Amino acid sequence: IADVEQVSPEILQEIDDVMKREIKSMGGVQRYKVGGVEKVVDMFNHFDRSKEKQILEKLDVLSPPLAEVIRKHLFTFEDVFAMDDRSIQAIMREVSNDTLTLAMKTSTDDVKNKIFKNISSRAADMIKEDLEVMGPVRLSDVEKAQSEIIKIVRKMEEEGKIVLGGRGSEDVLV
């Protein structure tokens, strides 16, 4: 989209599907911005991690500066837990325990500890127990759960309930 010359048919189909959804959601006769890094990043948020990684690797070869710009704009599940505790607590109130448990399946101990620190001890104990007894799960299911949490985070940011790192800092009073 943003300087790529060759892309696999599967990725084109995925981009086509996302663009159709975006265009349908626009409706009306108004004109909207449909290009730029923000739109590419928004489309990436609809991909699973493997597709995202595949596209970025191709971009690294074709246009390293563009790949770097896109990477800087991508917000990952792990980025959620680099936020301040108050923001994490607000986010955790919006996420179901089942989604959180599944999303944590592949998380590092640091991320798990940050989550457990920001939820009630009862909820933390339940999630720890669920993680211990949870059998193997598909990576795509884990990524879907993580994506749901990222969508919640983005919605909360749009509503002004939280501020993502590097955004809105001019509004923060010290």
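The values are calculated or read from the model by the stated rules, or taken from the named source; none is laboratory data. These numbers come from a predicted model, not from an experiment. Ideal geometry is used to build each Cβ from the backbone, glycine not excepted, and the neighbour counts take in all protein chains shown. These accessible areas exclude ligands, DNA and RNA; they are computed on the full protein's heavy atoms, side chains included. Shrake-Rupley method; radii C 1.70, N 1.55, O 1.52, S 1.80 Å.
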By a straight-distance test (C-alpha under 26 Å), which lysines pair with Lys128 as possible cross-link partners, with residues fewer than eight away in the same chain excluded? Lys105, Lys112, Lys114, Lys117, Lys144, Lys151
With all protein chains present, the range 50-174 has a carbon and sulfur share of its accessible area (1.4 Å probe) in percent of 50 percent
How high is the FRET efficiency from Arg122 to Arg86, r the C-beta distance, R0 22 Å, rounded to 0.05? 0.65
If I model a spin label as a point 7 Å beyond the Cα along the Cα-Cβ vector, how far apart are those points for Thr106 and Asp79 in nm? 1.7 nm
Separation between the Leu139 and Met19 pseudo-spin-labels, each 7 Å from Cα along Cα→Cβ, expressed in nm? 2.8 nm
Accessible area, 1.4 Å probe, largest first: how do Glu143, Glu10 sort? Glu10, Glu143
